[in-house]
Every structure is written in C-alpha cells, then in structure tokens.
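Colleague: First, the structure itself, so that you have it in front of you.
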C-alpha cells in the first residue's frame, strides 16, 4: 500500500497511515503516467452537489487531452445519462461526452431491455426513484409505474384499507427517491411478497453528497426499508457490483494493471475496484474521512493508494 | 413442546408439527386452568385492523370474569393508552381498563420522563411516528418536534440545500409513521450523526396487521432506514425487550411459571416470552403462518404451544 500526502489534510492522512501501517510514499504524477484508463466516481470526487472540487476540471481536461481513457462511473440514479452530461458541461467539464458516462439509471434500463418480457412490454417495472430512471426506461420503451407519479399518494389506515397492485409487474426497482412515502414502500412490499417481483436496486450507499453543505440519506436508506419488509436481498446493479462496467471492460480489452478507480467510498468505489481486479485510489473529498473510516470499516476494504484530492494529479 | 390443534388450520399445524417434531397434544382448557397471568399481543391475536378475531371478546371477558390477570402488551405506537382503550371498548372488549394496556407510545413517554434532562425540558425529542406518541409525551409535559408537524415537509435538492436541526435535541424516537418522508429521515440522521442524539425505537416488527385485508410495512421498515444512515443500533423499548413489562412483573410478584404470553410473532412476542422466562403460545391468526415461519425462522425461537386462534380457550 502506497500513500500520497498533500498538506491540505495531514490529520486525515496520518490516521490512515497509522491504521494501514503505511511507510512508503508515492508521487501522484507517477500514478498519472502508469495508468491508461481512469474510472472516476463523481459525487465527492469531482463535485459535491453543484460545487466543483478544486482542480477537478483541470485534471479531467488534462487526462482527456493526454489521450487517457476516462469513464465516470456513478451510482447516481437521479439523472439520465443525457441530463448528467448536461451537468458535466454546465459545471465546466466540457470535454466529457455521453459515452464517458456510466450511471445506474442507464444501467437499470439496459438490464430490463436485455430481458424479453420487459422489452415486449409484457411485464412492467415498479419504480421507487427519481425521474432519471423513468427517462432511461422511456428511452428504451419499457413500461413502468410509480416514481414521481406516486409522490402525492397518501395512506390513510382504515379497516378495509388496501392497496391494489398491477399483477403484470415483474420487478421492483429501488433507488434514491426524495419523495419516498409509505404508499411506495407498501406497493413495493406487495409486489415482492405477493407476486414475487424481482427486487433490483441501484446501489446501497448509506449516505450521499447531494448538496455541498451536508450529507444526505443515500439509496441504501430506502433499500434497507424494502429489504426489511420483503425478507429478500436485492440484485445490486451499481457499484460495488460489476454489471455496469462489464461491457466497457470487454470493449477496452486492456491489461487491467493499466486501469485505476478513483473514488471516495470504501464500500462502493474501492470495493468495486477490488471486484474488477484493478487498482484503486481513495480520496478524502467525499464521504470517507479518516474518522468515519476508522470507526466503521468492518469490510476489510483497503485502497491501493490514498489522495486527499484528485488535484494532486496536477 | 406441546400442541393444540383446531380443525380450522390443519395444514398450518401440520407444517409446524413436522418442523418441530411434535407428537404430544395438549388441551387448551388445561392451559387456561394452569396459568394465572395472561399477556396478550393485540394485532393479529385479538383483531386485525378494526376486525375482531372470532371469539376474542368472549375469551377476554371470560378471563377477566374468572379473575385471571390480563395485560395487553402491544408494540402499537400509533395510539396513546387512552385512545387504545377507546378502541378496546368500541370493538366490544368492554371489561378492559387503562391499567391492562401496555403500549410503546406510553413506554416511550415513561422512558424520557425518567430522565431529568427531558423532564426539565432542557432536552427535546425528535419524533418519527404517529400522534399517539406525541399525545403521551404531551401528557408528561415533554418537549418534542417532528411527527405530524413534519408531514408536509418536502426536500428539494439544490446546491446550497441543507436542513438545520435544533441543537437541543437529545434523542430521536422512531416508530411507524404513515407519513414518513425524506425530510424526516434526514432530520433524524443529522441529529444522530452530528449531535450524537440517542436513538430510541418502539420496536422492529417488519410487517404489521394495520388493516384486516393485507399486511403493511411495520416500524421495522422505518427503523431500518435510520439504522442504515446512522450506523447505529437503536435501543428498543418494545417487545421483544423487557422495558415495558418490568414494572408489571415487579408489581405482580408472581411465580413466572403461572404467566403466559400469547402472540402471533416469533421475533417479538415469542422471543419476548423467552426473554421474560415465561411460557408462550403462538397463534396463527396474525403475521406468522407456517410458510413464513418455515422459510424465515433464522432466530431459533420456538413457542411452547401453538394454537390456531385464542378461540380454542373456550
């Protein structure tokens, strides 16, 4: 395990160094030279909310201009790929193209499009999640219910009360939903428990950097609720699983030692890198600060390198 | 382990018998004679939603008239003790008095009232839950925020977005909340993670019989969400823990072999009986049917007796 230290966050670094018994120090520019393919997480690495992390635009522009292959692999499901591209451009990442972006809203739609019963619209999908997922499902002409259409559904408990579900639902998709409500949880529960719908989720991140000022409950907080009522473990399409990235790795056809993942989360980004058998760099600009890590790292997941920020690449 | 069989539910009984290698059969009337104190769960034992389970009123009336001691020990937090008493009377359980009822809304208020910082209103309580909890807190002059006052709070994510919390909050209480929303989850997360508020919950029941027609997500579904974002295990006041019942057992001063718990849930009622070191009877009028039990009983919890319904006592 190697370490890159910037002066900005010596305390954090010291904690990591102590925990991981790190002595060797590595130059960030050597890493830049050694890798050819860079997988980046977005929230907490490039930006927090709509605030760009210092130096991120310059790093990405330099990588693309130097002909490195760059992919943004995000568990963000709130936006479609096209809407995410708009965010990249608006924030100043003007070199980024659609094909550089891999997000769970897109992955979810691809998953169902690969199955005949959904492609033919025989089966429908119940969505707990934001509009980004619906846009991607619509783009592939898949049939869905729920999401923003159920935002205002209220449950009033009275003796004859019940929720009727559509028996053609074949799957429940769960992702972050800022309008989560009891109706949606019950609808999902009924689909999974009474008509054995598949249980598919974007990811399980407990917290997320939806704004730059504070952390927020992530998809994991919604998934936990549905897991609890369905007694089932979902299929996770996002990081740390490989579903999203398999087609990319196949197309790249590259020596995996030339690929690196840069992320802010041990349980998704770094674990994802381990699953891909590629190197990883943990940055401390997102959810994993040293204290959180030292208190909660039961996963035995360790990055290959640590940087306070991707700015160190410059 | 003994068994009582009614003809109404032979299939269910057979499954239990097979699983538990049961041979001996016991007469329900012997059990009635042998016990002096009867702890009853309510939902799924006496009623489902507002529908009384066949024979339940007669059984309770007979017990009370025969001078048996009867307590209703429920993880229901949606109603105050007084409101629950109204439900008992409305449904026909006219012999029931306030002191027979032990519910988590009441237990929650008693818990905080026993602590000087809450009794003196120096510290406040953030409530995720229904009005029953607020009524009990008000009755003991405790200071609270949240619950129905936050039902209409919406979160719109934008870059400067943040939720400000009251720094005098000392505890977050989580119970079933039919108006759960993302604002409440974030508020609770911030209280627990940023000002180290205590994390107190009514119970962890995954499903509940809120209406007679279908099962609904229980308190456990909301608790799971907050556990996920706070990385903390809550203190559970309701069943299967003993907090609610300790004062009763102390006052009764009775040989525990004379006490029996009748419930429909292995993970709360029967586990609760084991924790109390009293006998237990599982009934199949509520959430635990044989199939659910056989598929999901990882807890190694077994009742002492099994009845299809408390009607068998007659």
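The values are calculated or read from the model by the stated rules, or taken from the named source; none is laboratory data. Small disclaimer: the values here were computed from a predicted structure and weren't measured. Backbone-built Cβ (ideal geometry, glycine too); neighbour counts: all protein chains shown.
Colleague: Among what's in region A:232-249 and is closer than 19 Å to residue A:170 by Cβ and assigned to a loop (DSSP other than H, G, I, E, B), pick the residue that is farthest from the other protein chains (Cβ to nearest Cβ).
Modeller: Initial filter on region A:232-249 (closer than 19 Å to residue A:170 by Cβ): A:232-237, A:243.
Then drop every residue that is not assigned to a loop (DSSP other than H, G, I, E, B), which leaves A:232-234, A:237, A:243.
On the way: A:232: 10, A:233: 13, A:234: 13, A:237: 18, A:243: 22 Å.
Result: A:243.
Colleague: Mind checking which residues of region A:64-96 are touching a residue at least 40 places away in the same chain (Cβ under 8 Å) and at positive phi?
Modeller: If the condition is that a residue be touching a residue at least 40 places away in the same chain (Cβ under 8 Å) and at positive phi, then A:92 is the only one that fits.
Colleague: Ok, one more. Looking at this structure, is residue B:12 buried (at least 18 other Cβ atoms within 10 Å of the Cβ) and either at pLDDT below 85 or within 14 Å of chain A (Cβ to nearest Cβ) (or both)?
Modeller: On the way: buried (at least 18 other Cβ atoms within 10 Å of the Cβ): yes; either at pLDDT below 85 or within 14 Å of chain A (Cβ to nearest Cβ) (or both): yes.
Yes.
Colleague: Does region A:155-179 hold any residues that are in contact with a helix residue (DSSP H, G or I) (Cβ under 8 Å, 6 or more places away or on another chain), without any contact (Cβ under 8 Å) to a residue 60 or more places away in the chain and farther than 14 Å from residue B:225 by Cα, and which are they?
Modeller: A:155, A:163, A:165, A:169, A:170, A:171, A:172, A:179 - these are the residues of region A:155-179 that are in contact with a helix residue (DSSP H, G or I) (Cβ under 8 Å, 6 or more places away or on another chain), without any contact (Cβ under 8 Å) to a residue 60 or more places away in the chain and farther than 14 Å from residue B:225 by Cα.
Every residue, every condition in (1) modelled with pLDDT under 95; (2) crowded, with 20+ Cβ neighbours inside 10 Å; (3) over 13 Å from the mean Cα position of the chain (by Cα), yes or no:
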residue	(1), (2), (3)
A:247	yes, no, yes
A:250	yes, no, yes
A:253	yes, no, yes
A:256	yes, no, yes
A:265	yes, yes, no
A:281	yes, yes, yes
A:285	yes, yes, yes
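Colleague: When you scan region B:215-231, do you find a residue that is in contact with a strand residue (DSSP E or B) (Cβ under 8 Å, 6 or more places away or on another chain), outside any loop (DSSP other than H, G, I, E, B) and more than 14 Å from chain A (Cβ to nearest Cβ), even just one?
Modeller: No: zero hits.
Colleague: Looking at (1) more than 19 Å from the chain's Cα centre (by Cα); (2) modelled with pLDDT of 85 or more, find the lone condition where residue B:296 falls short.
Modeller: Exception for residue B:296: condition (2).
Colleague: Does region A:180-213 hold any residues that are away from chain B (no Cβ under 11 Å), more than 20 Å from the chain's Cα centre (by Cα) and either in contact (Cβ under 8 Å) with a residue 60 or more places away in the chain or assigned to a strand (DSSP E or B) (or both), and which are they?
Modeller: Result: A:191, A:197, A:198.
Colleague: While we're looking at this one, here's another question. What are the residues in region B:209-219 that are touching a helix residue (DSSP H, G or I) at 6+ places or on another chain (Cβ under 8 Å) and buried (at least 24 other Cβ atoms within 10 Å of the Cβ), if any?
Modeller: Within region B:209-219, B:216, B:217, B:218 meet the criteria.
Colleague: Given A:98, A:78, which one is under 30 Å from residue A:190 (Cβ atoms) and either surrounded by 15 or more Cβ atoms within 10 Å (Cβ to Cβ) or within 21 Å of the chain's Cα centre (by Cα) (or both)? Let's see the steps before the verdict.
Modeller: Values: A:98 fails: under 30 Å from residue A:190 (Cβ atoms).
Among A:98, A:78, only A:78 is under 30 Å from residue A:190 (Cβ atoms) and either surrounded by 15 or more Cβ atoms within 10 Å (Cβ to Cβ) or within 21 Å of the chain's Cα centre (by Cα) (or both).
Colleague: Another one. Which members of region B:145-179 meet the condition of being assigned to a loop (DSSP other than H, G, I, E, B), more than 11 Å from chain A (Cβ to nearest Cβ) and under 25 Å from residue B:132 (Cβ atoms)?
Modeller: Once the filter is applied, which keeps residues that are assigned to a loop (DSSP other than H, G, I, E, B), more than 11 Å from chain A (Cβ to nearest Cβ) and under 25 Å from residue B:132 (Cβ atoms), region B:145-179 yields B:153, B:166, B:168, B:175.
Colleague: Can you tell me which condition residue B:60 does not meet? The list is (1) modelled with pLDDT of 95 or more; (2) under 22 Å from residue B:134 (Cβ atoms), and all the others hold.
Modeller: Exception for residue B:60: condition (2).
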